[in-house]
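The values are calculated or read from the model by the stated rules, or taken from the named source; none is laboratory data. Computed from a predicted model, the values in this text were never measured in an experiment. All Cβ positions, glycine included, derive from the backbone under ideal geometry; neighbour counts span all protein chains shown.
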Amino acid sequence: MSKRRQERMAVEIQRVLSQILQEDIKDPRIDFTTVSITRVDIASDLSHARVNISILGDETKQEETMQVLQKAKGYLRSELARGIQVKHAPELEFRLDKSIEHGIRISSILESLKEEEKNSNE
């Protein structure tokens, strides 16, 4: 499988899964406005896809969201197959990605340091 097709398929999977999460999943336990797909890595034979999910919120909310996604894996896979129009959709593996949360924390630390420096110069 060409690397270019693999990359195109990963982008398409990310787009379709994002759309399914926002429009089709109606689970009251989850606020899908705080959930985003940050990256999809797909195997060279297109049989497995590792989906990195970023969830803003505390750890209990993150764990609960991941559990719901694990339970909905079959539904998501069938909808994905319909959305990307392939015969065999890849097996989905969800991973929690804390990079956005980490970036927000670093940004707030930098802002507080900037404020301290501004206050000490006055």
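Tabulated data for the structure shown
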{"item": "Among the candidates 98, 118, 73, residue that is loosely packed, with under 10 Cβ neighbours inside 10 Å, free of Cβ contacts under 8 Å to residues at least 60 places away in the same chain and not aromatic (Phe, Trp, Tyr)", "result": "118"}
{"item": "Of all residues making up segment 63-122, the number that are β-branched (Val, Ile, Thr) and in contact with a helix residue (DSSP H, G or I) (Cβ under 6 Å, 6 or more places away or on another chain)", "result": "1"}
{"item": "Some residue of segment 30-37 being at pLDDT 90 or above and touching a Phe, Trp or Tyr at 6+ places or on another chain (Cβ under 8 Å)", "result": "no"}
{"item": "Residue within segment 33-53 that is in contact (Cβ under 8 Å) with a residue 60 or more places away in the chain and under 30 Å from residue 3 (Cα atoms) present", "result": "yes"}
{"item": "Some residue of segment 79-89 being touching a Leu at 6+ places or on another chain (Cβ under 7 Å), at pLDDT below 90, surrounded by 12 or more Cβ atoms within 10 Å (Cβ to Cβ) and closer than 15 Å to residue 16 by Cβ", "result": "yes"}
{"item": "Qualifying positions in segment 45-67 - surrounded by 14 or more Cβ atoms within 10 Å (Cβ to Cβ) and of a type in the set (S, T, N, Q)", "result": "52, 54, 62, 65"}
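Results for (1) in contact with a Pro (Cβ under 9 Å, 6 or more places away or on another chain); (2) at pLDDT 90 or above; (3) among the charged types (D, E, K, R), shown as yes or no for each residue.
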residue	(1), (2), (3)
1	no, no, no
10	no, yes, no
21	no, no, no
28	no, no, no
44	no, no, no
93	no, yes, yes
101	no, no, yes
